[in-house]
Amino acid sequence: MSETELDNVETLADLADLAREAAEDDDTVLVFIEQEDAWFAVVRVDGEEDPRIFVSDAAAAKRSSYGDVVLTEELVGRAGDAEFDDIDSLVTELEDSEDAELSDSDEDEELPLTGPGGVPVGPLGDATLLSDLGIGEKELLALSAEGAEPSEALSEIADALGCAEVLEAVR
């Protein structure tokens, strides 16, 4: 792990190429990005495979200069198709049903929110990208929960991976 300057990185492909250059052979490279303690991202590059991405808060990342690197159209589009098509069909079913009276408790249920450009508020991407390294999907999502501090989350991830001292050295 080392600190890398991202000033010349404009796309996910640029970031993946930079990670591959830092790798020995085809080793796995993890890139941690933290933006002003508002969100974090983990990008995993395994050899020549496509990078895998997890973003703690996609809407916050969208407002950031580095957000465009990790919020690829494919990632946002894939999440939008999966999550919001289900919501659209649910709304249609509720509107079509005469028996669909909402109680006060139903009105309090929160549907996924979207931020700028329709990007979902909250975690987005592959929450299983660290599972084989000892950090499961539930744990990663818990580190991304509302109110969680991105810097603390990355510290916990680095600690679990055995590289906390290196992360602190580059901060």
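The values are calculated or read from the model by the stated rules, or taken from the named source; none is laboratory data. Nothing here was measured: the structure is a model prediction, and the numbers come from that model. Quick reminder, even Gly has a Cβ in these numbers, built from the backbone with ideal geometry, and neighbours come from all protein chains shown. What goes into the accessible areas is simple: the full protein's heavy atoms, side chains included, and nothing from ligands, DNA or RNA. Shrake-Rupley method; radii C 1.70, N 1.55, O 1.52, S 1.80 Å.
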Checklist entry - What is the residue count in region 23-58 for residues that are open to solvent by 20 Å² or more (accessible area, probe 1.4 Å) and assigned to a strand (DSSP E or B)? => result 9
Checklist entry - Could we say that Gly147 is modelled with pLDDT under 95, under 26 Å from Gly67 (Cα atoms), under 19 Å from the mean Cα position of the chain (by Cα) and not in a loop (DSSP other than H, G, I, E, B) here? => result no
Item to check | Residue satisfying condition, being modelled with pLDDT of 70 or more and either open to solvent by less than 60 Å² (accessible area, probe 1.4 Å) or of a type in the set (S, T, N, Q) (or both), within set Ser89, Ser64 | outcome: Ser64
Item to check | Failed item in (1) in a loop (DSSP other than H, G, I, E, B); (2) open to solvent by 60 Å² or more (accessible area, probe 1.4 Å); (3) at pLDDT 60 or above, with Ala127 passing the rest | outcome: (2)
Checklist entry - Which residue pairs have Cβ atoms under 6 Å apart, sit 6 or more places apart or on different chains, and have a first residue in region 1-15 that is open to solvent by 80 Å² or more (accessible area, probe 1.4 Å) and a second that is at pLDDT 85 or above and part of a loop (DSSP other than H, G, I, E, B)? => result Met1/Cys163
Checklist outcome for this item: Scanning region 152-171 residue by residue, those open to solvent by 30 Å² or more (accessible area, probe 1.4 Å) and part of a loop (DSSP other than H, G, I, E, B) turn out to be Gly162, Arg171
